[in-house]
Amino acid sequence: MAGLLMLGLSACADTLDTRVTRFQSQLPAPQGQTFAVVADDPSLAGGIEFGQYAKLVAGELTKKGYTEAVNPDAANLIVRFSYGVDKGRVHVRSTGMRDPFWGPWYGPGFGRRGFYGGWGGGFYGRGMGGWGYGWYDPWFDQGVESYTVYTSGISLKIDDKSANKRVFEGKAEAASSSNKLTWLVPNLVEAFFTGFPGNSGETLRITVAPEKTTVKGPAK
């Protein structure tokens with residue numbers, strides 16, 4: 001898993017900048033509580049891909065001291081998990097100029113066109129915005145660059161069954177040149193659980209190392 005560097009890092013084109021926001025209200029400290037990870041989107045329930053990512057979430061919660069239940073009926077805490085990536089947006093710019101699209105927290109549009117389209121809405125490509133940084137495309141020449149920016153994110157909500165109330169919710173969102181959920185989701189989960197549960201209402205910027213590219217040599 002890629003290493004994480006928290007705060008104080010300047011953004012650059014070869015890293016995944018992740019914005020993590022978490023809220024909590026009487027989230028119980030790990031003292032024997034059990035949990036079960038379920039799909040917040042019913043269409044994902046029972047899916048093999050969802051199950052793979054749910055195991056990552058369960059592993060992180062186990063590291064924090066909670067115990068995974070055999071099923072949701074036996075759990076004290078229900079963890080509702082969702083993930084997604086949009087279809088991307090293509091941007092074109094002249095070279096040699098500062099990209100107005102790139103800036104702190106992905107520029108001024110970050111708060112207006114968030115991954116969620118408002119908390120909990122527009123999650124799976126419905127209304128998701130995008131931000132990004134310059135990405136060179138050799139298809140363009142004569143001083144012009146193009147780049148496609150994908151917006152990805154995860155959402156996690158925890159409900160206390162005995163108290164019948166929500167005790168935690170949070171999200172991690174990022175803009176990158178990759179739309180591969182198999183790379184994005186594990187890194188977003190790792191970023192999300194860095195310093196978990198964190199301070200309620202606090203937003204952290206966490207930088208994840210770039211996706212590795214495998215170069216294959218000639219067949220022997």
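The values are calculated or read from the model by the stated rules, or taken from the named source; none is laboratory data. Remember, it's a predicted structure, so these values are computed and weren't measured experimentally. Methodologically, a virtual Cβ is constructed for each residue, glycine included, from the backbone with ideal geometry; neighbour enumeration extends over all protein chains shown. The area values use the complete protein model at the heavy-atom level, side chains included, leaving out ligands, DNA and RNA. Shrake-Rupley method; radii C 1.70, N 1.55, O 1.52, S 1.80 Å.
For segment 91-98, does any single residue satisfy the condition of being open to solvent by 30 Å² or more (accessible area, probe 1.4 Å) and either part of a helix (DSSP H, G or I) or at pLDDT 95 or above (or both)? Looking for residues that are open to solvent by 30 Å² or more (accessible area, probe 1.4 Å) and either part of a helix (DSSP H, G or I) or at pLDDT 95 or above (or both), one finds none in segment 91-98, hence no.
Of the residues that sit in segment 20-49 and are assigned to a helix (DSSP H, G or I) and touching a Ser or Thr at 6+ places or on another chain (Cβ under 9 Å), which one is farthest from Val185 (Cα to Cα)? Applying the filter and picking the extreme gives Leu44. Note on segment 144-186: among residues that are among the β-branched types (Val, Ile, Thr) and without any contact (Cβ under 8 Å) to a residue 60 or more places away in the chain, the one that is surrounded by the most Cβ atoms within 10 Å (Cβ to Cβ) is Val144.
For Thr207, the conditions (1) surrounded by 20 or more Cβ atoms within 10 Å (Cβ to Cβ); (2) modelled with pLDDT of 90 or more; (3) within 13 Å of Thr18 (Cβ to Cβ); (4) in contact with a helix residue (DSSP H, G or I) (Cβ under 9 Å, 6 or more places away or on another chain) are fulfilled apart from (2). Being modelled with pLDDT of 70 or more, open to solvent by 20 Å² or more (accessible area, probe 1.4 Å), closer than 24 Å to Thr182 by Cα and part of a loop (DSSP other than H, G, I, E, B): is that true of Lys87 here? Yes. Just to verify a result, which residue in segment 44-57, among those that are over 16 Å from the mean Cα position of the chain (by Cα) and free of Cβ contacts under 8 Å to residues at least 12 places away in the same chain, is surrounded by the fewest Cβ atoms within 10 Å (Cβ to Cβ)? Among them, the one singled out is Ile48.
Checking each residue of segment 13-33 against the condition of being more than 23 Å from Arg166 (Cβ to Cβ), at pLDDT 95 or above and of a type in the set (D, E, K, R) gives no match.
Is it fair to say Phe81 is in a strand (DSSP E or B), in contact with a Phe, Trp or Tyr (Cβ under 6 Å, 6 or more places away or on another chain) and either exposed (fewer than 14 other Cβ atoms within 10 Å of the Cβ) or at pLDDT 95 or above (or both)?
So Phe81 does not fit the description; no.
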